[in-house]
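Contents: one structure, followed by commentary.
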Amino acid sequence: MNNRINKLFQEKKERILSVYFTAGYPHLNDTRTIIQELVKNGVDLIEIGMPFSDPVADGPVIQHSSLIALRNGMSIRNLFEQLQDIRQSVDIPLILMGYLNPVLQYGMDAFAAKCKEIGIDGLILPDLPLDVYIDDYKSIFEANDLHYVPLITPQTSEERIRMIDSASSGFIYMVSSNATTGAKASVSEFQKAYFERVNSYCLKNPRLIGFGISNAETFDNACQYANGAIIGSAFVKALEGDLPIDQKISTFIKQIVTKA
Amino acid sequence: MSYHVNDKGFYGEFGGAYIPEMMHPNIEELKNNYLRIINSYNFRQDFIGLLKNYVGRPSPLYYAKRMSEHYQSHIYLKREDCNHTGSHKINNTIGQILLARELGKTRIIAETGAGQHGLATATVCALMGMSCIVYMGALDVERQAPNVKKMRMLGAEVIPVYSGNKTLKDATNEAMRDWINNPVDTHYIIGSVVGPHPYPDMVARFQSVISEEIKWQLDEQTGREKPTRVMACVGGGSNAAGTFYHFLDDEDVELVGVEAAGKGIDTSETAATLALGTPGVLHSSRSYLMQNEDGQITEPYSISAGLDYPGIGPMHANLFKTGRAKYIWATDEEVLKAVLLLTRKEGIIPALESAHALAGLEKIALKPEDVTVVTVSGRGDKDMETYLNHFGY
C-alpha cells in the first residue's frame, strides 16, 4: 500500500500538524493556493473541506465558511476540477472532509474512483457511521486505496474504540471534547484522563487530536498525548481579512509551530 | 410487506441512523431502552393517565355535517386541535419527557417551526420541572410571536437561530449541535417522525393514539371500524404517522398525506418533498429531500411554518415508494380557502398546517358512500395574524 497517510505516520511519530480549510472560502479559486502555501509552511497533512448546507457537527466559523463557499459556487465537481493536477506539485497526504449527502449524490463509486485518480488519501465523513461504512462502503474505499478516518470522543467506550481501531487503517481523529468544531478548549484534567486512557489501549492506528486546537499552546499540549493535532476553525478564521493570502497563512502557521 | 421499522432502523430503504460519532452514545442509549421503557407497566400508566387527565384525550371524532353536505360525502374530523396546547404535538412530548425522566436526563432541548412543538415541549418541562431550551428559526420567531411568548411564560429559553433560511431546518441543525455539546444530561425531544432511528418509530408510536382512537370512536358512532380513507397534512409527518399507524396493515383503508406546495410545485417556493424531492441523507436519516444536483439542501417555503421542512419522515418515504399511501399537495391559496370553509361551515378555525389536509378534500374523488376521516392537527389561534391580514377582518 503506497498511501501517503501510512507513509507520513511511518516517517514521523510526533508533532504532526494537520490543517483543515473549507474549499471555496474565502474565494472560489483559492483552493490550490491554500494547499501550496500550507505545504510551503511545513504542514504535514491537509484536510480539504467540502462545504455542505447543513453542517451539524460544525460550529459557527466553519458554518460561516461553508455558507460563503457555497455562495461562491463551490461544489464537488468544481473541487475535483481544481484538484485535477494537484499531485504534480504536492506530495503530502490530502484528505477530503465533508458530509455524506453531497458524496451520495455524486455517487460513492464515482466519488471514490475520482479520489484515487486525483491522489486523495482518505475521507472524513462525520455522518457516515462505522456500521454503515463497514456494511456498505468499506470495499469501495479499499478498492480505491482510500482511508476511512473515524472519530472518537470522550464518550466513546473502550469496546467501541477497539472496534473502530480494528475497522480502520489510516489514523484516528480524537475529538478533544464533547463539542462541535471551533469550541474553545484548554487541556482540562478530564481531557487529560481521556487522552491517557486511549493511549493505554495500545491501538494499532496513530491518533491526531482535533477540535479546540487554535494556537501554539493548545497544539503543544495536544502533541503530548497523540502523534499530532488538527487545526480547523482557527485557521479558517485566520483567512479572513484583506492581507494577501500567502501572508495570512505563513503568519498563522509560524505562530503554531514555534518549536522545531 | 411490513410498513413498520425493521431491527436495523430502516423502513424499506429509508431511515437508519447516519449520526456523527459524537451522538453515538445518546442514540445507542435510546435505541437500547425505548421499547423496554415505553412498554413497561409504569410508563403506560403514567402516559395514558396524562393523556387522559392532562391533555384531555380522547380527542373528539366529530361528524362534520355541513362539510359532509358540501362535499356530498361523509366527512369526520379527528379533533387534535382540542388537545391541551392546541395540537397533536403534546402526545409526543408527554411520551418523550417520561422517557427522558426514566433515562435520568434533567435538561431538555427541542426544535420548533410553527412553535406548536416548542410550546408542547415547554409545557411538559414545566409539568416535570425540567429545564427547557427551544431552538427556533429567527423568521419563525417573528411570524409565530404568540407561541414564543407562551413558551417564555412557561419558563423555556427560546433561542432564535440565524443560520440558513432561519426556519425549521436551521433550528433542527442547532438543536443537534446543542446535543453534541451536551451529551450527558440532555435529552433532545424531536418533534416529528424524522431524525435518526429510533426517533421516527418512537414518535410514531406516541402519535399512534390518534388512529387507535379513530378506530373505536368510528365503531362506536357508525358500527364500522374502518373508514374509506384517512387524511392528514405532512411536513415531517408526525400527525400523519399517528393517523395512519393502526391502518397501515389494513390495505383497504386508503392513506392520504397532503404536502405543502407553497406557491406551487412548478415554482421554487414550495415544500412538497415527495412531489419534487430525491433520496438523500439529512438530519441523520435517509429519505426524500429537496436538494440540488450537488446534494445541497434547498430552502423550502410554505405559508405554514410547521410544514416548510425540506425532508420527510422515512416511514412516509417508504409508504410513498411502495404506493401504500398516496401523497398529494395543496398551495397556500387553496389552504386559505380551506381555512375559511371549515370556519364558516363548522365553526372551527384550523391551523394553517391542518388546513392542508382539509384542502386535500378538493382533490380526492369522494363518493357519496365514502367515510373520510381528516385529522385537524391543530387550532388556528397562532395563525390569527396571517388570517386577519389575508381575509381583512
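Data for the structure
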{"item": "Residue in the range A:152-168 that is in contact (Cβ under 8 Å) with a residue 40 or more places away in the chain, facing chain B (nearest Cβ under 10 Å), assigned to a loop (DSSP other than H, G, I, E, B) and farther than 30 Å from A:Tyr225 by Cα present", "result": "no"}
{"item": "Members of the range A:49-82 that are over 17 Å from the mean Cα position of the chain (by Cα) and not in a helix (DSSP H, G or I)", "result": "A:Ser53, A:Asp54, A:Asn72, A:Gly73, A:Met74, A:Ser75"}
{"item": "Among the residues listed as B:Val124, B:Val161, B:Val193, B:Val203, the single one being buried (at least 19 other Cβ atoms within 10 Å of the Cβ), in contact with an Asp or Glu (Cβ under 7 Å, 6 or more places away or on another chain) and at pLDDT 95 or above", "result": "B:Val161"}
{"item": "Within the range A:26-44, tally of residues that are in contact with a Gly (Cβ under 8 Å, 6 or more places away or on another chain) and either more than 14 Å from chain B (Cβ to nearest Cβ) or within 18 Å of A:Gly182 (Cβ to Cβ) (or both)", "result": "3"}
{"item": "Meets criteria (within 13 Å of another protein chain (Cβ to nearest Cβ) and closer than 24 Å to B:Asp381 by Cβ) for B:Tyr135", "result": "yes"}
{"item": "Failed condition for A:Phe80, given (1) under 22 Å from B:Asn292 (Cα atoms); (2) of a type in the set (Phe, Trp, Tyr); (3) buried (at least 21 other Cβ atoms within 10 Å of the Cβ)", "result": "(3)"}
{"item": "Filter pass, A:Leu104 being within 12 Å of chain B (Cβ to nearest Cβ) and in a loop (DSSP other than H, G, I, E, B)", "result": "no"}
{"item": "Condition broken by A:Glu217, with the remaining ones in (1) over 21 Å from A:Gly59 (Cβ atoms); (2) surrounded by fewer than 19 Cβ atoms within 10 Å (Cβ to Cβ) satisfied", "result": "(1)"}
{"item": "Residue satisfying all of: in the range A:8-35; in contact with a Pro (Cβ under 9 Å, 6 or more places away or on another chain) and in contact (Cβ under 8 Å) with a residue 60 or more places away in the chain; surrounded by the fewest Cβ atoms within 10 Å (Cβ to Cβ) among these", "result": "A:Lys13"}
{"item": "Filter pass, A:Ser169 being at pLDDT below 95 and closer than 20 Å to A:Lys13 by Cα", "result": "yes"}
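Conditions (1) outside any helix (DSSP H, G or I); (2) among the small types (Gly, Ala, Ser); (3) without any contact (Cβ under 8 Å) to a residue 60 or more places away in the chain, marked per residue:
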site	(1), (2), (3)
A:Gly212	yes, yes, yes
A:Asp220	no, no, yes
A:Ala229	yes, yes, no
A:Phe235	no, no, no
A:Asp242	yes, no, yes
A:Lys248	no, no, yes
A:Phe252	no, no, yes
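The values are calculated or read from the model by the stated rules, or taken from the named source; none is laboratory data. Keep in mind that this is a model prediction, so the values were computed, not measured. Please note: Cβ atoms are built from the backbone with ideal geometry, for glycine as well, and neighbour counts cover all protein chains shown.
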